[in-house]
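One structure is given here, and the rest of the page talks about it.
The values are calculated or read from the model by the stated rules, or taken from the named source; none is laboratory data. Note that the structure is a prediction, hence the values are computed from the model and not measured. Heads up, the Cβs are rebuilt from the backbone with ideal geometry, glycines too, and the neighbour counts pull from every protein chain shown.
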Amino acid sequence: MELKYECLKFEDIPSHTLYEILKLRQEVFIVEQDCPYLDADGKDYEAYHVIVTKQNEIVAYTRILKKGISYDEYSAIGRVINKKNVRGKGVGKLLMEYSIQKTFELYPQDSIKISAQTYLHNFYTNLGFQKVGDGYLEDDIPHQAMIYKTNAQ
């Protein structure tokens, strides 16, 4: 499977690509997970966007946020998403490995915090994230805060 990775600032994303990203986020987070919430939360302007394509189709995506946007003391990776047709094929792991690497390139002094859906706890633990605090509901879906510590700390 030939995957292409890009990490772009918001203003560098072509409009048709941005449309496809937002469409994918809505398909999965709002429709598939039956979770009405405001996906366009204003943070996209400040984010780096990791876009994974296969044969010019967006198949996976994350956004990377610097410290102070989502969390006061951590950079963040969020909106982690795989298209249905690539789930179970290792794309999610590759997406997160790339996103972790990019986050540390951009913000080498910061540990990374995520808000992980609870059922993915083992997936994120295997990538090096550690559970912190108690679980909580985010948009009526069980979540868990997790931290990936930088070597600088």
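Confirm whether Glu20 is part of a helix (DSSP H, G or I), without any contact (Cβ under 8 Å) to a residue 60 or more places away in the chain, exposed (fewer than 14 other Cβ atoms within 10 Å of the Cβ) and over 13 Å from the mean Cα position of the chain (by Cα).
On the way: part of a helix (DSSP H, G or I): yes; without any contact (Cβ under 8 Å) to a residue 60 or more places away in the chain: yes; exposed (fewer than 14 other Cβ atoms within 10 Å of the Cβ): no; over 13 Å from the mean Cα position of the chain (by Cα): yes.
No: the conditions fail for Glu20.
Can you report the number of residues in region 78-101 which are assigned to a helix (DSSP H, G or I) and either within 22 Å of Glu20 (Cα to Cα) or of a type in the set (A, V, I, L, M, F, W, C) (or both)? Even if it seems obvious, please write down each step before you answer.
In the first step, residues of region 78-101 are kept if they are assigned to a helix (DSSP H, G or I); the result is 84-86, 91-101.
Checking the rest, the ones that are also either within 22 Å of Glu20 (Cα to Cα) or of a type in the set (A, V, I, L, M, F, W, C) (or both) come to 84-86, 91-96, 98-100.
Adding up the residues that qualify gives 12.
Return yes when Lys93 is modelled with pLDDT of 95 or more and basic (Lys, Arg) and no when it is not. Spell out the reasoning first.
Details: modelled with pLDDT of 95 or more: yes; basic (Lys, Arg): yes.
Yes; evaluated as a whole, the condition is true for this residue.
Exactly one condition in (1) part of a loop (DSSP other than H, G, I, E, B); (2) in contact (Cβ under 8 Å) with a residue 40 or more places away in the chain is not met by Gly133; state its number.
(2)
From the list Val91, Val50, pick out the single residue that is in contact (Cβ under 8 Å) with a residue 24 or more places away in the chain and within 18 Å of Gln26 (Cα to Cα).
On the way: Val91 fails: within 18 Å of Gln26 (Cα to Cα).
Testing whether each residue is in contact (Cβ under 8 Å) with a residue 24 or more places away in the chain and within 18 Å of Gln26 (Cα to Cα) leaves just Val50.
On the basis of being within 24 Å of Tyr37 (Cβ to Cβ), outside any loop (DSSP other than H, G, I, E, B) and out of contact with any Phe, Trp or Tyr (no Cβ under 7 Å at 6 or more places or on another chain), does Ser115 make the cut?
Working: within 24 Å of Tyr37 (Cβ to Cβ): yes; outside any loop (DSSP other than H, G, I, E, B): yes; out of contact with any Phe, Trp or Tyr (no Cβ under 7 Å at 6 or more places or on another chain): yes.
For Ser115, the condition - within 24 Å of Tyr37 (Cβ to Cβ), outside any loop (DSSP other than H, G, I, E, B) and out of contact with any Phe, Trp or Tyr (no Cβ under 7 Å at 6 or more places or on another chain) - is met.
Could you grab the pairs with beta carbons closer than 7 Å, sequence gap of 6+ or different chains, first residue in region 68-87 and among the hydroxyl-bearing types (Ser, Thr, Tyr) and at pLDDT 95 or above, second one assigned to a loop (DSSP other than H, G, I, E, B) and crowded, with 19+ Cβ neighbours inside 10 Å?
Hits for this filter: Tyr74/Asp110; Tyr74/Ser111; Ser75/Tyr107; Ser75/Asp110.
If the requirement is being at pLDDT below 95 and among the β-branched types (Val, Ile, Thr), which of these qualifies: Ile51, Ile64, Ile30? Before the answer, list the steps.
Values: Ile51 fails: at pLDDT below 95; Ile64 fails: at pLDDT below 95.
Residue meeting the stated conditions: Ile30.
Can you tell me which residue is surrounded by the most Cβ atoms within 10 Å (Cβ to Cβ) among those in region 60-90 that are hydrophobic (A, V, I, L, M, F, W, C) and under 13 Å from the mean Cα position of the chain (by Cα)?
Filtering region 60-90 for residues hydrophobic (A, V, I, L, M, F, W, C) gives 60, 64-65, 69, 76-77, 80-81, 86.
When the remaining residues are screened for being under 13 Å from the mean Cα position of the chain (by Cα), the result is 60, 64-65, 76-77, 80-81.
Values: Ala60: 25, Ile64: 24, Leu65: 24, Ala76: 24, Ile77: 28, Val80: 22, Ile81: 20.
Filtering region 60-90 for residues that are hydrophobic (A, V, I, L, M, F, W, C) and under 13 Å from the mean Cα position of the chain (by Cα), the one surrounded by the most Cβ atoms within 10 Å (Cβ to Cβ) comes out as Ile77.
Which condition does Asn56 not pass, out of (1) modelled with pLDDT under 95; (2) farther than 15 Å from Glu6 by Cα, if it passes all the others?
In the conditions (1) modelled with pLDDT under 95; (2) farther than 15 Å from Glu6 by Cα, Asn56 misses (2) alone.
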